[in-house]
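Okay, so here's the structure we're looking at.
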């Protein structure tokens, strides 16, 4: 699917909020299109980036991403930066691309310990991204990698020219832009997450709360058991004692998160909610919600939105 160039999507809207914050951070002034609700036309985003690239060069486009850590809470950013490592971040990013029906995708290839080759390219043979669009996406992924708490992050061109090191863009950043880049993340000291005992008194409710805190993560039974200081077998037994299963409490947590967003008067759009609640794609979200609640997410929102 190449996509309609006028199509709107929640990822582009989040990017435009970042662009606005990034321009302000750099002291640059440029007219920006007014978003249509929670969405923005992809062509509007592309036009703004190309004007910025032409007027101020590639480094200014990359530096837009530096505004991400200081922006107001952004559910999409929070979901991405809960990633445990770069591989987890890229998996979340790819799922976001599917939900927003993006025309472009970031192809990631591991090339060594903590190192990845990134290519921002067209999806399914469509029109390729402009250099400015690619620079923004690659800059954002670099800063998001830093925000996950990973070790030192370096971004370099394939010819070895360093673009970013120690959280700062170099004078050569983005110029000339030829395509693939290398993102390297130094090992960070692992601090295993553990249940601190706070939260709901009921142990199963604590499990649900942990899942609901990061529904985008691809949880496994072993992961959840480890966080709560028990073996996978023990966790299975405790769930079985309550006539529950791991898959059931994961489904319950996703449903809880989706329902809470659907009830918000100024909540995200349906596609973004599906992503934030941890579903694989929009079809999965609609089926699972309808099966559990007996109505579609859209109808539920119409009935219960505050």
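Summary table
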read-out: Residue match in segment 39-48 (condition: at pLDDT 90 or above and at negative phi); value: yes
read-out: Count of residues meeting criterion [touching a residue at least 60 places away in the same chain (Cβ under 8 Å) and over 16 Å from residue 215 (Cβ atoms)] in segment 248-306; value: 1
read-out: Residue tally, condition part of a helix (DSSP H, G or I) and either assigned by TED's automatic domain parsing to the domain that holds residue 95 or surrounded by 14 or more Cβ atoms within 10 Å (Cβ to Cβ) (or both), over segment 277-298; value: 9
read-out: Strands (runs of 3 or more DSSP E) (entirely within segment 74-185) containing at least 3 residues that are free of Cβ contacts under 8 Å to residues at least 40 places away in the same chain, touching a strand residue (DSSP E or B) at 6+ places or on another chain (Cβ under 8 Å) and surrounded by fewer than 18 Cβ atoms within 10 Å (Cβ to Cβ); value: 104-112
read-out: Search result, residues across segment 273-292 that are on the phi < 0 side of the Ramachandran plot and touching a helix residue (DSSP H, G or I) at 6+ places or on another chain (Cβ under 6 Å); value: 273, 274, 275, 276, 277, 279, 281, 282, 285, 289, 292
read-out: Failed item, numbered, when residue 250 is tested on (1) outside any loop (DSSP other than H, G, I, E, B); (2) surrounded by 15 or more Cβ atoms within 10 Å (Cβ to Cβ); (3) at pLDDT below 95; (4) touching a helix residue (DSSP H, G or I) at 6+ places or on another chain (Cβ under 9 Å); value: (3)
read-out: Residues of segment 214-234 satisfying the condition of being touching a residue at least 24 places away in the same chain (Cβ under 8 Å) and more than 18 Å from residue 274 (Cβ to Cβ); value: 221, 226, 227, 228, 229
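The values are calculated or read from the model by the stated rules, or taken from the named source; none is laboratory data. Quick caveat, the model's predicted, so the values are computed rather than measured. Counting neighbours? That spans all protein chains shown, and the Cβs are built from the backbone with ideal geometry, glycine included.
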